[in-house]
Amino acid sequence: MQPSGIVSESPSSANLLVKAGTDLVPMPLKHTEARATIRGPIGQITVVQQFANPYSRKIEALYTFPLPHTAAVNEFIMTIGDRHIRGIIRDRDEAQQIYLQAKRQGFLASLLNEERPNVFSAAVANIEPGREIDVSIAYFQTLDYVNGWYEFVLPTVVAPRFNRTREISYDQPHVRYLKPGQRTTHELSIKVSVDAGVPIEEFECPSHLVISQTPAPERLEISLQPPDNLPDKDFVLRYRVAGTRIKSYFLPQETEQGGFFTLLVYPPSDLAGLPRQPLDIVFVLDCSASMAGLPGLGGKDGLSPIEQAGHIIESALNQLEPADSFQVIAFSDAISHLADTPLEANPANVNRALGYLRTLKARGGAALREAIRAALGQPHPPEKLHCVCILTAGHIANERECLNEIHDGRNSARVFAIGLGPAPNHYLLSQIARAGHGAATFLAPAEENNRQIGNLFSSISHPAMTDLRVDWGGLHVTEVFPKQPFDLFVGHPVLLIGRFAGNLDTTIFINGTVGQRPMQIAIPAKLHLAAGDNGGNQAEVHNGQSAATQQGTPRAADGSPSPLRQGDGAEGERVGVRGSPEAQLGAVARSHEDNVASRALPMLWARAKIADLEERSYPDSEEIKRVALEYGLISPYTSFISTDSTHRSSSTPVNVPVAVPLPEGNNYPK
């Protein structure tokens with residue numbers, strides 16, 4: 001006889017079900033609370049998952065969820081009543097055996113695994129009837145900084161992955177999606193506290209309805225409005241701080257584990273003023289079912305992701321010049337081309353492309369690998385800059401194969417990525433941009449995209465600073481990540497993280513070329529900032545020669561005073577206060593003087609090293625495991641395990657996969 005409330009769905013598993021209106025939906029996860037504290041460029045995030053068992057039989061809850069692919073997950077705590085049991089990091093196989101043994105013996109146990117760089121799974125065994133268990137996960141991450149805006153993203157749902165055929169891939173363990181008409185009672189709360197150190201001029205949250213408070217000009221408090229609390233889309237917060245010029249900077253931190261640093265290399269401002277060479281651009285458009293969306297969920301204009309992509313391509317086509325050429329490749333189960341060869345950017349061909357875009361529908365699978373191969377293999381005039389722009393949600397099962405296509409076939413092309421939809425695959429699209437020596441940007445469905453797309457097209461069309469080489473001066477530097485060579489595009493800085501030894505002040509030089517012209521960025525590396533010395537580690541840009549770095553008043557490249565902007569105020573409620581790049585750097589430096597930075601930098605460095613090892617053709621699993629165990633981080637080969645041996649229960653628990661909603665607007669796969 002089955003216990004009350006349990007419905008068998010297969011011979012090997014069962015689901016606990018509760019009544020919600022007229023529908024039955026799984027209910028082992030009660031609530032998720034995310035708290036983020038942001039200081040300078042570093043975020044410290046805690047996610048608390050509240051599991052509950054309202055039934056008459058013991059259960060095992062299984063839950064798959066996303067985290068940022070750059071997250072350094074370093075803490076796992078299980079809470080039962082007033083007892084907190086800190087998880088320990090172990091070899092993945094060993095942790096699994098400990099968990100299974102505790103489960104068989106009737107002890108409460110929890111396990112945290114990494115399934116993909118941005119997909120994790122939690123299991124909680126032997127939750128007794130009426131018992132509530134909290135599982136707390138903590139991690140550090142660095143914020144993206146693009147075109148003057150900091151961006152914080154918290155993913156909340158794992159989207160289905162599409163294969164080349166129209167089948168949905170469920171290779172994530174325990175993933176089960178709610179069917180049409182069902183609504184989970186699992187709700188989400190998010191609280192973000194920002195202390196920028198300098199006035200915040202404006203902010204935006206294009207993904208959610210939020211409640212905002214500004215206790216001080218440099219502080220921002222954000223929380224979700226109750227109607228917008230389903231875990232079915234990424235939470236996105238962007239904010240811009242005072243000052244119009246951002247310079248490269250070097251920030252060191254001495255810790256118990258040695259010296260660590262971050263180096264932000266910001267593209268020279270005069271790149272945007274240089275003439276561009278003719279472009280040959282290939283737009284690669286995802287037409288799989290993941291781009292369909294539902295009417296009315298694409299912002300005020302009701303655009304689905306594929307419609308939004310069409311508008312982006314139209315905007316880009318209208319910015320092309322007569323000397324440019326273009327192509328459009330669409331992919332779902334198969335690929336199709338606008339034309340056999342690239343078309344000249346004249347009005348007739350642009351109208352032809354717009355007509356082609358209007359015929360495209362979102363359905364079927366996702367042959368992204370084949371589309372990338374076709375785009376990189378397109379014939380292109382050698383005198384033109386060859387660019388590929390991929391517009392997709394990134395819900396692809398064969399991520400590694402797609403990235404290998406770029407590594408193997410890129411040649412001189414630059415590959416850019418635009419992430420669309422409520423839950424784009426940030427990991428895949430960021431890696432596409434890295435492998436393709438390009439840049440990535442992401443748009444929420446309800447977002448006005450003029451600024452974002454204008455900035456991205458500026459990055460595509462203007463010259464980049466390439467062939468970069470770092471001269472570390474007198475600094476002894478080791479293991480800097482990412483190791484892969486990078487280019488600097490307008491508005492897109494590069495963040496490096498590494499280790500250093502010694503205590504000598506020096507100057508770091510970033511040398512490269514723009515076209516045929518040499519360019520150099522000089523960045524002072526002062527390892528011991530004096531109190532109030534907020535501007536000591538900022539850069540100056542020189543065209544082919546070195547010069548002394550200026551201090552004090554911010555200066556333009558020609559030495560003239562840099563203009564400062566007064567903000568209009570967020571939500572029309574306050575007015576931004578004048579700031580400067582030096583003040584911004586001072587805020588960042590102060591964040592590195594406190595406990596957060598001293599704990600975060602070693603973790604972030606170790607996570608970057610693990611990511612570098614994972615990206616190799618033949619990942620060194622033993623080295624990944626060694627680094628993860630040394631720094632206490634989760635990885636593909638290490639897991640967190642927590643057990644409570646103070647209480648033992650009898651009987652075998654029922655497996656309960658937590659059903660999750662599809663990303664907002666996505667249709668249930670048929």
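Output the number of residues of the range 196-223 satisfying the condition of being assigned to a loop (DSSP other than H, G, I, E, B) and acidic (Asp, Glu). The total comes to 1.
Thr478 - would you say it is out of contact with any helix residue (DSSP H, G or I) (no Cβ under 6 Å at 6 or more places or on another chain), farther than 20 Å from Phe283 by Cβ, free of Cβ contacts under 8 Å to residues at least 24 places away in the same chain and among the β-branched types (Val, Ile, Thr)? When the stated conditions are applied, Thr478 passes them. Within the range 147-169, the set of residues being under 13 Å from the mean Cα position of the chain (by Cα) and either at pLDDT below 90 or not aliphatic (A, V, I, L, M) (or both) comprises Tyr150, Glu151, Phe152, Pro155, Thr156. Of the residues making up the range 432-463, those that are under 22 Å from Arg373 (Cβ atoms) and either modelled with pLDDT of 95 or more or small (Gly, Ala, Ser) (or both) number 7. Just one of (1) within 30 Å of Pro68 (Cα to Cα); (2) surrounded by 20 or more Cβ atoms within 10 Å (Cβ to Cβ); (3) at pLDDT below 95 fails for Ser642. It is (3).
Look at (1) open to solvent by 10 Å² or more (accessible area, probe 1.4 Å); (2) hydrophobic (A, V, I, L, M, F, W, C); (3) farther than 30 Å from Asn349 by Cα; (4) in contact with a Gly (Cβ under 7 Å, 6 or more places away or on another chain) and you find that Leu264 fails only one, number (4). Among the residues here, Ser621 does not qualify as among the small types (Gly, Ala, Ser), open to solvent by 50 Å² or more (accessible area, probe 1.4 Å) and out of contact with any Ser or Thr (no Cβ under 7 Å at 6 or more places or on another chain). Inclusion of Pro231 among residues that are in a helix (DSSP H, G or I) and either in contact with a strand residue (DSSP E or B) (Cβ under 6 Å, 6 or more places away or on another chain) or over 20 Å from His492 (Cα atoms) (or both) is not warranted.
Rundown of residues vs (1) open to solvent by 50 Å² or more (accessible area, probe 1.4 Å); (2) in a strand (DSSP E or B); (3) β-branched (Val, Ile, Thr); (4) under 16 Å from Val654 (Cα atoms), yes/no style:
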residue	(1), (2), (3), (4)
Asp93	yes, no, no, no
Gln96	yes, no, no, no
Lys103	no, no, no, yes
Leu112	no, yes, no, no
Ser121	no, yes, no, no
Ser136	no, yes, no, no
Phe140	no, yes, no, no
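For Tyr266, the stated conditions hold: it is at pLDDT below 90 and closer than 24 Å to Pro68 by Cβ.
Taking the conditions (1) over 30 Å from Ala659 (Cα atoms); (2) under 23 Å from the mean Cα position of the chain (by Cα) in turn, Glu201 satisfies each one other than (2).
The values are calculated or read from the model by the stated rules, or taken from the named source; none is laboratory data. Note that the structure is predicted; figures quoted are calculated from it, not measured. Please note: Cβ atoms are built from the backbone with ideal geometry, for glycine as well, and neighbour counts cover all protein chains shown. Calculation scope for accessible area: heavy atoms of the full protein, side chains included, ligands and nucleic acids excluded. Shrake-Rupley method; radii C 1.70, N 1.55, O 1.52, S 1.80 Å.
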